[in-house]
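See below for the structure under consideration.
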Amino acid sequence: MTIEYLKRGKTAGDRAEDDLKTRAVVEATLQDIEARGDEAVRDLSEKFDSYSPRSFRLSNSEIEALMAKVSDQEMHDIKFAQEQVRKFAQAQRDSMQDIEVETLPGVILGHKNIPVQSVGCYVPGGKFPMVASAHMSVATAAVAGVPRIIACTPPFKGEPNPAVIAAMHLGGAHEIYVLGGIQAVGAMAIGTETIDPVHLLVGPGNAFVAEAKRQLFGRVGIDLFAGPTETMVIADESAADPELCATDLLGQAEHGYNSPCVLLTNSRELATGTMQEIERLLGILPTADTAKISWEEYGEVIVCDTYDEMLAVADDIASEHVQVMTDRDDWFLENMTCYGALFLGPRTNVANGDKVIGTNHTLPTKKAGRYTGGLWVGKYLKTHSYQRILTDEAAAMVGAYGSRLCMLEGFAGHAEQCNVRVRRYGGVNVPYAAGAPVVKG
């Protein structure tokens with residue numbers, strides 16, 4: 001196996017050290033929010049966003065006034081994007097059926113898909129107003145039928161961003177707060193004097209937001225670990241060229257200073273050409289100040305001999321976004337197992353998925369694609385089982401098995417739960433906690 005790194009990013013050790021620093025900051029901040037509630041939230045908002053309104057929650061009149069600032073074209077585009085997200089989320093919801101089956105005569109088992117009763121949606125927006133994140137979290141929660149949806153977004157240049165607020169409102173948010181960072185997710189999960197806590201946190205964010213969600217997991221549910229954006233381009237010379245590869249890498253690197261971007265190819269010529277094209281584009285890209293740091297510190301270029309090697313490397317990295325431009329895109333679709341979302345062929349791109357096409361853009365990062373997919377309507381639903389026994393014969397028969405199996409583990413009290421049914425419904429005199437006899441038939 002020949003795998004060559006033409007460019008490497010930060011070492012795993014350096015990244016781990018960054019994570020430790022983030023973890024300590026988040027832990028202290030969450031403790032402060034728990035101890036001081038609204039006072040801590042306001043102090044943090046003043047410190048990080050220079051924002052301290054009379055109320056962080058927007059009133060209906062404030063929402064209407066902000067929406068009035070959104071142009072007709074912008075409103076049309078927001079509604080179009082939300083329609084695509086809702087369509088796909090509804091198709092996913094329709095695929096999830098409640099079931100009820102008779103597994104034995106008189107034994108009924110089933111499950112119900114029940115919406116989480118409250119969700120807190122975090123919509124990033126301090127550096128770039130992430131209008132699309134409102135569709136992905138809020139509108140999808142609405143399709144799932146969540147009865148209480150609250151949404152938080154930081155101020156943008158010192159005030160609420162009208163387009164983001166419009167997207168939240170149109171998506172179905174019941175409460176909208178102009179609040180960002182750790183203080184937002186902490187307030188939604190822990191609760192304060194003015195914000196009732198939620199059952200589930202969703203939405204992407206920077207490293208601090210992602211770490212806050214990780215630390216809050218257990219107290220509340222979280223959708224997944226969705227930290228700084230990651231992108232991978234898998235390309236060969238049959239379907240891609242340096243301009244496409246460089247554009248797709250830098251298009252995601254501009255998210256932040258720590259957004260990994262990886263080119264994986266079997267062509268040294270395509271690899272070196274892409275690196276040259278990236279340098280050219282960094283000279284003209286308006287967001288080059290951000291993208292350049294991500295590329296320099298987190299960018300990687302990997303050249304493999306074979307497609308099997310490319311597949312193995314891709315699954316090991318488990319990138320959030322994977323743009324595939326090869327002569328065998330369907331082969332990668334069939335065989336890749338660890339990623340956030342795939343973008344197949346040169347006609348599509350990650351920006352489509354981020355903004356408008358309809359799939360959800362809140363996706364697993366930091367190798368979480370090994371054990372979870374991205375945010376979808378099913379994340380807002382809890383699948384709860386139930387059981388019912390309809391006949392005396394079934395109660396006695398299952399009870400006999402249950403009693404013996406409980407005693408096999410030494411649980412006498414458990415066994416008696418079964419025995420009392422055997423006595424009552426089977427007419428068998430079973431001594432207390434002695435284990436039921438074999439019931440034939």
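Among the residues of the stretch 227-240, those identified as in a loop (DSSP other than H, G, I, E, B), crowded, with 24+ Cβ neighbours inside 10 Å and in contact with a helix residue (DSSP H, G or I) (Cβ under 6 Å, 6 or more places away or on another chain) are 227, 229. For residues that are within 27 Å of the chain's Cα centre (by Cα) and more than 27 Å from residue 189 (Cα to Cα), scanning just the stretch 25-78, find the one that is surrounded by the fewest Cβ atoms within 10 Å (Cβ to Cβ). Top of the filtered list is 76. Given the condition in contact with an Asp or Glu (Cβ under 6 Å, 6 or more places away or on another chain) and on the phi < 0 side of the Ramachandran plot, answer yes or no: does some residue in the stretch 204-225 qualify? No - not one qualifying residue is present in the stretch 204-225.
Rundown of residues vs (1) open to solvent by 10 Å² or more (accessible area, probe 1.4 Å); (2) under 15 Å from residue 375 (Cβ atoms); (3) in contact (Cβ under 8 Å) with a residue 12 or more places away in the chain; (4) among the basic types (Lys, Arg), yes/no style:
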{"position": "203", "(1), (2), (3), (4)": "no, yes, yes, no"}
{"position": "213", "(1), (2), (3), (4)": "no, yes, yes, yes"}
{"position": "242", "(1), (2), (3), (4)": "yes, no, yes, no"}
{"position": "245", "(1), (2), (3), (4)": "no, no, yes, no"}
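Consider the stretch 215-274 and keep the residues that are among the β-branched types (Val, Ile, Thr) and over 21 Å from residue 313 (Cβ atoms). The one that is farthest from the chain's Cα centre (by Cα) is 247. Of all the criteria given as (1) outside any strand (DSSP E or B); (2) open to solvent by less than 60 Å² (accessible area, probe 1.4 Å); (3) closer than 20 Å to residue 309 by Cα; (4) free of Cβ contacts under 8 Å to residues at least 40 places away in the same chain, the one not satisfied by residue 342 is (1). Scan the stretch 249-279 residue by residue and report those that are open to solvent by less than 10 Å² (accessible area, probe 1.4 Å), within 26 Å of residue 2 (Cβ to Cβ) and part of a helix (DSSP H, G or I). Within the stretch 249-279, 249, 270, 271, 274, 278 meet the criteria. In the stretch 392-411, the residues that are touching a residue at least 60 places away in the same chain (Cβ under 8 Å) form Cβ pairs under 6 Å with partners that are open to solvent by less than 20 Å² (accessible area, probe 1.4 Å), at six or more places apart or across chains, as follows: 394/106; 394/107. Across the stretch 363-405, which residue is farthest from residue 416 (Cα to Cα) among those that are open to solvent by 20 Å² or more (accessible area, probe 1.4 Å) and in a loop (DSSP other than H, G, I, E, B)? This residue is 366.
Residue by residue through the stretch 182-227, note down the ones that are small (Gly, Ala, Ser) and in contact with a Cys (Cβ under 9 Å, 6 or more places away or on another chain).
184, 187, 203
If only residues of the stretch 415-432 that are assigned to a loop (DSSP other than H, G, I, E, B) and among the hydrophobic types (A, V, I, L, M, F, W, C) are counted, the one that is modelled with the lowest pLDDT is 430.
Quick one: is residue 309 in a helix (DSSP H, G or I), over 23 Å from residue 241 (Cβ atoms) and not hydroxyl-bearing (Ser, Thr, Tyr)? So residue 309 fails the test. Exactly one residue out of 54, 23 is among the basic types (Lys, Arg), in contact (Cβ under 8 Å) with a residue 40 or more places away in the chain and more than 29 Å from residue 377 (Cβ to Cβ): that is 23.
Taken together, 356, 313, 322, 303 contain a single residue that is under 27 Å from residue 90 (Cβ atoms) and open to solvent by less than 30 Å² (accessible area, probe 1.4 Å), which is 322.
Quick grid of which residues meet (1) within 18 Å of residue 56 (Cα to Cα); (2) among the aromatic types (Phe, Trp, Tyr); (3) over 21 Å from the mean Cα position of the chain (by Cα):
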{"residue": "100", "(1), (2), (3)": "no, no, yes"}
{"residue": "135", "(1), (2), (3)": "no, no, no"}
{"residue": "144", "(1), (2), (3)": "no, no, no"}
{"residue": "176", "(1), (2), (3)": "yes, no, no"}
{"residue": "182", "(1), (2), (3)": "yes, no, no"}
{"residue": "187", "(1), (2), (3)": "yes, no, no"}
{"residue": "205", "(1), (2), (3)": "no, no, no"}
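The single residue among 167, 163, 91, 81 that is crowded, with 24+ Cβ neighbours inside 10 Å, of a type in the set (Gly, Ala, Ser) and not in a loop (DSSP other than H, G, I, E, B) turns out to be 167.
Okay, residues lined up against (1) part of a helix (DSSP H, G or I); (2) modelled with pLDDT of 95 or more; (3) of a type outside the set (Asp, Glu):
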position: 109; (1), (2), (3): no, yes, yes
position: 113; (1), (2), (3): no, yes, yes
position: 124; (1), (2), (3): no, no, yes
position: 127; (1), (2), (3): no, no, yes
position: 138; (1), (2), (3): yes, yes, yes
position: 141; (1), (2), (3): yes, yes, yes
position: 146; (1), (2), (3): no, yes, yes
position: 151; (1), (2), (3): no, yes, yes
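I'd like the residue in the stretch 146-157 that is out of contact with any helix residue (DSSP H, G or I) (no Cβ under 8 Å at 6 or more places or on another chain) and either in contact (Cβ under 8 Å) with a residue 40 or more places away in the chain or on the phi < 0 side of the Ramachandran plot (or both) and, out of all such residues, is least open to solvent (accessible area, probe 1.4 Å). First the steps, then the outcome.
To start, the set of residues in the stretch 146-157 that are out of contact with any helix residue (DSSP H, G or I) (no Cβ under 8 Å at 6 or more places or on another chain) comprises 147-148, 157.
Going one step further and asking which of them are either in contact (Cβ under 8 Å) with a residue 40 or more places away in the chain or on the phi < 0 side of the Ramachandran plot (or both), we end up with 147-148.
Numbers: 147: 71, 148: 46 Å².
Per the stated criteria, the residue is 148.
The values are calculated or read from the model by the stated rules, or taken from the named source; none is laboratory data. Nothing here was measured: the structure is a model prediction, and the numbers come from that model. Counting neighbours? That spans all protein chains shown, and the Cβs are built from the backbone with ideal geometry, glycine included. Just the protein is used for accessible areas: all its heavy atoms, side chains included, with ligands, DNA and RNA removed. Shrake-Rupley method; radii C 1.70, N 1.55, O 1.52, S 1.80 Å.
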